[in-house]
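Shown next, in structure tokens, is the structure this report addresses.
Bear in mind these aren't lab numbers, they're just calculated from the coordinates by the rules spelled out. Predicted, not measured: the structure shown is a model, and the values here were computed from it. Don't worry about glycine lacking a Cβ; one is built from the backbone with ideal geometry, like all the others, and counts go over all protein chains shown.
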Amino acid sequence: MTSPTPSKRPLWTVVAALVLGAAALWGSSRLVWSAQERDAGVRGMILATQTGVDHSGALVPLAILAVAGVAGAVATGGWPRRVLGVVLAVAGLWACWIAVDGVSFGGFPPGTPVWQLFLGRGLALVAGILVLAGGLMSTKHARTMPRLGARYSAPTVKKSARDPDTELWEALSEGEDPSDR
């Protein structure tokens with residue numbers, strides 16, 4: 001069975017999705033995810049904000065996993081790439097779950113930058129979708145994407161070198177006249 005010719009387009013799509021997903025996860029970890037009014041004693045009521053990394057400490061490790069997934073997608077092939085794709089797809093689903101877990105659409109304290117709250121979670125959701133898509137695409141196209149060092153591996157079909165004299169004798173044995181060639 002011959003393997004299909006490798007195409008670089010799916011590999012670059014996977015790499016782009018994972019890099020963009022990692023950058024968006026890191027960015028969303030720095031943005032505000034929630035805000036609450038809190039009693040600060042003498043100072044009165046203050047607006048306490050919580051960033052993405054305060055909400056869930058998994059955002060930055062998921063971003064690092066996505067970056068490591070780029071190296072894995074480029075370097076591996078076959079079933080290791082499929083396993084990596086499944087791990088990345090699960091990580092993308094996890095990021096999506098973190099983004100939507102605990103979201104509220106009302107009851108914000110006065111002075112709350114509501115658009116910032118939804119921007120942080122929305123960016124994490126988009127990042128999770130990108131990592132999920134990169135993982136699924138890596139799993140689907142595991143055989144057709146090129147892998148690192150594939151051009152230096154031994155060919156699967158061995159070409160036999162034929163001696164011209166042997167070919168002439170075989171032609172005579174089969175009843176052909178080799179001078180007619």
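How many angstrom lie between the Cα centre of region 51-93 and the Cα centre of region 28-46?
Going from one Cα centre to the other spans 32 Å.
Sort 118-131, 8-21 by packing, meaning the average of other beta carbons within 10 Å per residue, with the highest value first.
118-131, 8-21
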